[in-house]
Amino acid sequence: MLNQMKQIQEMQKKFMEMQKKLQEIKIEKTNASHSLGVTLNGAQKLESVRIDASWFTLEKKEALQTSLCQLINEGFQEVQQKSAPQAAEMMKDFKGLNIPGL
């Protein structure tokens, strides 16, 4: 039991380290004209949104919304692809603890 507690504490430490590493991964997505951009990190947090003033017209409202959603979704897909190896490594470590459900 004591050994498992030590292992769990070690895993918590590794998890925190992994979270830090994931936050260091930066994904930037822009549209073709570079008038819209988003930055996301590996912890799947949206860090910034950049919108050129040319988008600030009523006629472009729907296009702006659609384009932002597309950029954000593409960014999250890329984040997941880049962070998947670290998550898989972490799960491999958890399996060694013999905790039911993992």
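Over all pairs of distinct alpha carbons, what does the Kirkwood formula give as the hydrodynamic radius of the chain, in Å? Could the numbers behind the result be given before it?
Numbers: mean 1/r = 0.0626 Å⁻¹.
Taking every pair of different Cα atoms in the chain, averaging 1/r and inverting gives 16.0 Å.
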**Asked** Pulled fully out, how much extra length does the chain show between residue 76 and residue 91, if you take 0.36 nm times their separation in residues and subtract their Cα-Cα distance?
**Response** 3.3 nm
**Request:** Report, in degrees rounded to the nearest 10, the 0 to 90 angle that the Cα long axis of helix 61-95 makes with the longest principal axis of the chain.
**Result:** 10 degrees
**Complete:** Per-residue ellipticity at 222 nm attributable to helices in the chain (runs of n ≥ 4 DSSP H, -39500 (n - 2.57) apiece, nearest 500 deg cm²/dmol) works out to -20500 deg cm²/dmol
**Prompt:** In terms of solvent-accessible area of protein heavy atoms at a 1.4 angstrom probe, what is the ranking of 91, 16, highest value first?
**Reply:** 16, 91
**Asked** Which of the lysines could a cross-linker span from residue 26 if the Cα-Cα distance has to be under 30 Å and same-chain partners fewer than 8 positions apart are dropped?
**Response** 13, 14, 45, 60, 61, 82, 92, 95
**Request:** Place a +1 charge on the Cβ of each Lys and Arg in the chain and a -1 charge on the Cβ of each Asp and Glu, then give the dipole magnitude about the Cα centre in debye, rounded to the nearest 20.
**Result:** 360 debye
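Can you give me the % of accessible surface on the chain that is carbon or sulfur? Probe 1.4 Å, all protein chains present, nothing else counted.
Values: 4070 of 7430 Å².
Carbon and sulfur: 55 percent of the exposed surface of the chain.
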**Asked** Averaged per residue, what accessible area in Å² does region 20-83 show with a 1.4 Å probe, protein chains only?
**Response** 67 Å²
**Asked** Could you give the radius of gyration (one decimal) and Dmax (whole number) of the Cα atoms in region 28-77, in Å?
**Response** 10.9, 35
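The values are calculated or read from the model by the stated rules, or taken from the named source; none is laboratory data. Bear in mind the structure is a predicted one, so any value in this text is a computation, not a measurement. As a convention, Cβ positions derive from the backbone with ideal geometry for all residues, glycine included, and neighbour counts pool all protein chains shown. Please note that ligands, DNA and RNA were not included when accessible areas were found on the heavy atoms of the full protein model with its side chains. Shrake-Rupley method; radii C 1.70, N 1.55, O 1.52, S 1.80 Å.
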